[in-house]
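Below you'll find the structure, written out as structure tokens, and then a few comments.
The values are calculated or read from the model by the stated rules, or taken from the named source; none is laboratory data. The model shown is predicted, which means the values in this text are computed figures rather than measured ones. Glycine also receives a Cβ, built like all others from the backbone with ideal geometry; neighbour counts cover every protein chain displayed.
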Amino acid sequence: MIKRFISPFRLLLLLLQLSFVSCADYTSKKKVVLHHYSDNKIVKSDSIDLVLERKETGVKYLYTSGVDTLACSFLKSSDSTFIYQKKSCPLESTKIVCINNHSYCVEKYLYDETDIIDEECDLFYCKEYGLLILYDRGWCNLVITIEYDAIAEKIIETVFSDTTGFYLGNLSIPPPLNRE
């Protein structure tokens, strides 16, 4: 019986081929459900396409409905950078959510345009899914949620039930001061 070993040269070639395959750009597409809200209640739900474009520069998430690309498309270019509406949004905080013995990190980013009032939004992102929640800070109102599957729905519910300030929708706004 003759034993064959892989030569170091062949092993190096194999590893290089694998690294090129793993770094290759690719695109995937799947259906998701986009829920629109008014007064924190679902007013409309649409089945839309999520197109993921993975490149060396990051992951581009395109939410499309027919020929229209929705305003919630974004680029996730690093662990701390989230590009939304062509603006870099800083990471504000993270929360670990455990579902079915698996931990998911939900990251909260702040969208805030300089010199504009009432456009501030919290963007809740999970790398396993993408954008989960868009919350309007200026009007204290939930704007959209994106449902990918049952686990994503549970993650969203867990964020909604947060009372630590991670999700601002649960915090009551104190009445104005009476200054007489």
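A few comments on the model shown:
- Residues that are in a loop (DSSP other than H, G, I, E, B) and among the charged types (D, E, K, R), drawn from the stretch 132-166: R137, D149, D162
- Every pair of residues 6+ apart whose Cβ atoms lie under 6 Å, when the first sits in the stretch 140-155 and is over 17 Å from K127 (Cβ atoms) and touching a residue at least 12 places away in the same chain (Cβ under 8 Å) while the second is part of a loop (DSSP other than H, G, I, E, B) and of a type outside the set (A, V, I, L, M): L142/N40
- Residues in the stretch 114-172 that are crowded, with 18+ Cβ neighbours inside 10 Å and among the charged types (D, E, K, R): D122, D136.
- Scanning the stretch 37-55 for residues that are β-branched (V, I, T) and over 16 Å from E147 (Cβ atoms) yields one hit, V51.
- Residue in the stretch 83-131 that is nearest to H36 (Cα to Cα), counting only those that are in a loop (DSSP other than H, G, I, E, B) and in contact (Cβ under 8 Å) with a residue 40 or more places away in the chain: K127
- Restricting the first member to the stretch 158-180 and to residues that are acidic (D, E), and the second to residues that are modelled with pLDDT of 80 or more, the beta-carbon pairs closer than 9 Å and six or more apart or on different chains are D162/K95.
- Residue within the stretch 80-103 that is out of contact with any strand residue (DSSP E or B) (no Cβ under 8 Å at 6 or more places or on another chain), at pLDDT 90 or above and at negative phi present: yes
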